[in-house]
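Computed from the coordinates by the stated procedures, all read-outs in this text should not be read as laboratory data. No experiment lies behind these values; they were computed from the predicted model shown. When we count neighbours, we look across all protein chains shown, and the Cβ atoms used for this are built from the backbone with ideal geometry, even at glycine.
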Amino acid sequence: MRLPFVPEGMSFIKIFFGLFLACYVLGRNFGSLFLFLSIFFLLLCVFCMFFFRDLPRKITPGEGLLLAPADGMVLDIEEVEKKVFFKEEKFRVIKIFMSVFNVHIQRAPVAGKIIFIEYKEGKFMAADRKNADKENEQNLIGIEAHIPENKVADQSSQKVYVLIKQIAGLIARRIVCRVKTEDEIKKGEKIGLIKFGSQVDIYVPYIFDVTVKKQDKVKAGITVVARIKENENA
């Protein structure tokens with residue numbers, strides 16, 4: 001039976017559980033200080049079990065939809081230009097802040113092909129601080145989306161690119177990327193993880209209408225964050 005935790009969290013859970021047992025045994029023989037420490041390590045163990053939880057999730061079906069890549073709250077929605085394959089593309093970027101209470105697994109917002117992955121070293125500022133998305137450690141995942149032609153209003157757009165940016169935070173010190181270039185991914189498939197609080201941005205092409213607003217709560221693989229503009233001639 002699969003445990004309801006991500007593999008990356010099992011080492012934390014085992015360490016804190018082991019420390020809990022050791023301190024509990026010592027406390028039974030050497031006093032209350034070790035018993036107090038055993039309670040502390042047990043709480044840390046329970047926190048890690050909660051933080052690294054990975055429960056079954058029903059992915060929202062439907063063509064022409066972009067789903068949230070992360071659980072959390074929409075910090076902001078901005079218009080930006082981003083270089084993709086040496087070409088400037090315009091996007092709306094939806095910034096999602098994840099607290100330590102959110103599930104920290106990232107999921108593919110759309111079915112497609114991983115076309116590039118770019119890791120950048122950086123700082124570890126609080127994820128909700130200004131410029132954290134530019135200066136913090138981060139990982140960019142580029143997806144060539146699989147979208148039916150009859151769903152694309154602008155037929156001059158031969159390819160549709162969606163970008164996901166994983167951003168480390170104040171406590172987050174490890175970005176996990178579970179995909180590699182040339183991988184074919186399904187909508188809602190797990191593509192990564194950021195440990196202990198962070199931010200995830202999704203760059204939405206202009207052929208989509210954004211359907212969320214600032215301070216909306218979103219869930220990865222469930223919440224629709226954008227819907228493709230219908231082709232009126234289809």
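Odds and ends about this structure:
- Between Glu79 and Glu144, the simple spin-label model (points 7 angstrom out along Cα→Cβ) gives 2.9 nm.
- Neighbour-count order for Leu75, Leu55, fewest beta carbons within 10 angstrom listed first: Leu55, Leu75
- Projecting label points 7 angstrom from Cα along Cα→Cβ for Phe50 and Tyr24 puts them 1.9 nm apart.
- Placing dummy labels 7 Å off each Cα toward the beta-carbon, the span from Asp209 to Glu230 is 0.9 nm.
- Exceeding the 20 Å Cα-Cα cut-off - candidates Lys95/Lys219; Lys165/Lys217; Lys95/Lys217; Lys165/Lys229; Lys113/Lys190; Lys190/Lys214: Lys165/Lys229; Lys190/Lys214
- Cβ crowding within 10 Å averaged over residues, with 4-10, 104-110, 27-33, 91-97 ranked highest first: 104-110, 91-97, 4-10, 27-33
- Among the trypsin sites (Lys or Arg not before Pro) in the stretch 35-76, those located in a DSSP loop and surrounded by at most 11 other Cβ atoms within 10 Å of their own Cβ are Lys58.
- Counting other Cβ atoms within 10 Å as a rough exposure proxy, the listed residues Ser11, Ser198, Ser38, Ser99 run Ser11, Ser99, Ser38, Ser198 from fewest neighbours to most.
- Shown is the FRET efficiency for Phe36 and Lys217, computed with R0 = 30 Å from the Cβ-Cβ distance and rounded to the nearest 0.05: 0.25.
- Over the stretch 7-51, the reciprocal of the mean inverse Cα-Cα separation, the Kirkwood hydrodynamic radius, stands at 10.3 Å.
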